[in-house]
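Visitor: Before I ask anything, let me first share the structure, which is written out below as structure tokens.
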């Protein structure tokens with residue numbers, strides 16, 4: 001006779017899920033309960049089920065992260081265990097962003113050493129991947145965790161020693177929680193910023209994208225893929241004057257046109273903060289149209305040129 005653990009493991013195998021948080025184990029346990037006519041699990045019964053699965057070497061807790069487990073039954077040994085899966089499972093409504101998203105969209109030759117993730121403290125419109133809205137009708141909200149590092153457990157004695165990676169969390173306003181898509185990292189689904197949101201975030205936070213020179217290279221590489229209407233729509237939703245000035249200048253350097261650009265330029269204002277690079281000193285080299293100090297080396301600005 002199949003046990004509750006058998007049903008849960010079958011759900012995990014169907015989703016190709018090697019990393020599972022307590023909230024996911026609850027969802028799958030509840031699915032079993034509904035299908036088999038059992039009572040829905042409470043905190044105590046879930047805890048007992050998790051302990052039983054750990055004692056029977058079906059799952060094991062990640063060494064540095066409470067409430068998140070690695071599946072260790074045979075089906076899991078052949079599946080990838082990307083660091084992104086640990087983070088997404090730890091915080092199922094978070095979104096991979098900045099340089100991690102740049103690498104996801106294949107716009108850089110650099111390998112990210114840290115993992116960049118954005119989150120909103122408000123109510124998210126996203127549901128955890130691998131679940132449906134029906135799963136959450138009577139379920140408790142998942143606990144959102146914010147690991148500072150991720151280190152996968154070793155699967156076998158022959159595995160190399162796992163290396164830790166730093167996780168950089170960026171808090172965003174609920175009204176700016178848009179521009180996301182579902183992507184896949186080694187067959188694992190994740191939430192990640194789409195191309196246009198990734199480009200905008202790179203301008204807003206170049207320090208999280210290897211600096212402005214790399215950001216300009218990214219924009220140039222993405223030039224043929226950019227949906228200009230979407231870029232303009234996103235910038236208008238964020239509605240920051242300096243962002244409009246910077247993005248407007250970049251789009252025109254890339255020979256991208258849009259009716260809104262003239263309106264942005266007409267409302268551009270001068271000031272001590274009106275600089276292309278917010279972290280560098282003001283320069284007398286100036287864009288009159290965008291009323292923006294071009295305070296970057298020529299070699300940096302030239303990254304936008306074909």
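The values are calculated or read from the model by the stated rules, or taken from the named source; none is laboratory data. None of these values were measured; they are calculated from a predicted model. Cβ atoms come from the backbone with ideal geometry, glycine included; neighbour counts cover every protein chain shown.
Visitor: Just checking, how many residues over segment 126-152 are buried (at least 18 other Cβ atoms within 10 Å of the Cβ) and at pLDDT below 90?
Guide: Matching residues across segment 126-152 total 1.
Visitor: Out of curiosity, is residue 196 outside any strand (DSSP E or B) and surrounded by fewer than 21 Cβ atoms within 10 Å (Cβ to Cβ)? Let's see the steps before the verdict.
Guide: Working: outside any strand (DSSP E or B): yes; surrounded by fewer than 21 Cβ atoms within 10 Å (Cβ to Cβ): no.
Considered against the rule, which asks whether it is outside any strand (DSSP E or B) and surrounded by fewer than 21 Cβ atoms within 10 Å (Cβ to Cβ), residue 196 comes out as no.
Visitor: Are there helices (runs of 4 or more DSSP H) fully within segment 207-306 with at least 3 residues that are more than 22 Å from the chain's Cα centre (by Cα) and more than 27 Å from residue 169 (Cβ to Cβ)? List them.
Guide: Values: elements: 212-222, 228-238, 241-253, 259-266, 298-301.
In segment 207-306, 241-253, 259-266, 298-301 are the helices (runs of 4 or more DSSP H) which contain 3 or more residues that are more than 22 Å from the chain's Cα centre (by Cα) and more than 27 Å from residue 169 (Cβ to Cβ).
Visitor: I would also like to ask the following. Do we find a residue being within 15 Å of the chain's Cα centre (by Cα), without any contact (Cβ under 8 Å) to a residue 60 or more places away in the chain, within 23 Å of residue 63 (Cα to Cα) and in a strand (DSSP E or B) anywhere in segment 149-167?
Guide: Yes, some residue in segment 149-167 is within 15 Å of the chain's Cα centre (by Cα), without any contact (Cβ under 8 Å) to a residue 60 or more places away in the chain, within 23 Å of residue 63 (Cα to Cα) and in a strand (DSSP E or B).
Visitor: Here's something else I'd like to know. Give just the number: which of (1) assigned by TED's automatic domain parsing to the domain that holds residue 280; (2) out of contact with any strand residue (DSSP E or B) (no Cβ under 7 Å at 6 or more places or on another chain); (3) closer than 22 Å to residue 285 by Cα; (4) crowded, with 18+ Cβ neighbours inside 10 Å does residue 245 not satisfy?
Guide: (2)
Visitor: If I go through segment 30-60 residue by residue, how many of them are modelled with pLDDT under 95 and either under 18 Å from residue 145 (Cβ atoms) or not assigned by TED's automatic domain parsing to the domain that holds residue 142 (or both)?
Guide: Selection size over segment 30-60: 1.
Visitor: Can you tell me which of 284, 273, 202, 280 is surrounded by fewer than 17 Cβ atoms within 10 Å (Cβ to Cβ) and under 23 Å from residue 176 (Cα atoms)? Even if it seems obvious, please write down each step before you answer.
Guide: Working: 284 fails: under 23 Å from residue 176 (Cα atoms); 202 fails: surrounded by fewer than 17 Cβ atoms within 10 Å (Cβ to Cβ); 280 fails: under 23 Å from residue 176 (Cα atoms).
None of the other options fit; the residue is 273.
Visitor: Would you mind stating whether residue 110 is closer than 29 Å to residue 226 by Cβ and either assigned to a loop (DSSP other than H, G, I, E, B) or in contact with a helix residue (DSSP H, G or I) (Cβ under 7 Å, 6 or more places away or on another chain) (or both)?
Guide: On the way: closer than 29 Å to residue 226 by Cβ: yes; either assigned to a loop (DSSP other than H, G, I, E, B) or in contact with a helix residue (DSSP H, G or I) (Cβ under 7 Å, 6 or more places away or on another chain) (or both): yes.
Taking the combined requirement at face value, the residue satisfies it.
Visitor: Hey, residue 123 hits all of (1) within 14 Å of residue 19 (Cβ to Cβ); (2) at pLDDT below 90; (3) touching a helix residue (DSSP H, G or I) at 6+ places or on another chain (Cβ under 8 Å) but one; which does it fall short on?
Guide: Going through the list (1) within 14 Å of residue 19 (Cβ to Cβ); (2) at pLDDT below 90; (3) touching a helix residue (DSSP H, G or I) at 6+ places or on another chain (Cβ under 8 Å), residue 123 breaks only (1).
Visitor: I would also like to ask the following. Which of the residues belonging to segment 173-193 are surrounded by 15 or more Cβ atoms within 10 Å (Cβ to Cβ) and outside any strand (DSSP E or B)?
Guide: Selection gives 176, 177, 178, 179.
Visitor: Determine which member of the set 75, 116 is over 15 Å from residue 145 (Cβ atoms) and not in a helix (DSSP H, G or I).
Guide: On the way: 75 fails: not in a helix (DSSP H, G or I).
One residue alone meets the criteria, 116.
Visitor: Given the conditions (1) under 24 Å from the mean Cα position of the chain (by Cα); (2) assigned to a loop (DSSP other than H, G, I, E, B); (3) without any contact (Cβ under 8 Å) to a residue 40 or more places away in the chain, report the number of the one that residue 103 does not fulfil.
Guide: (2)
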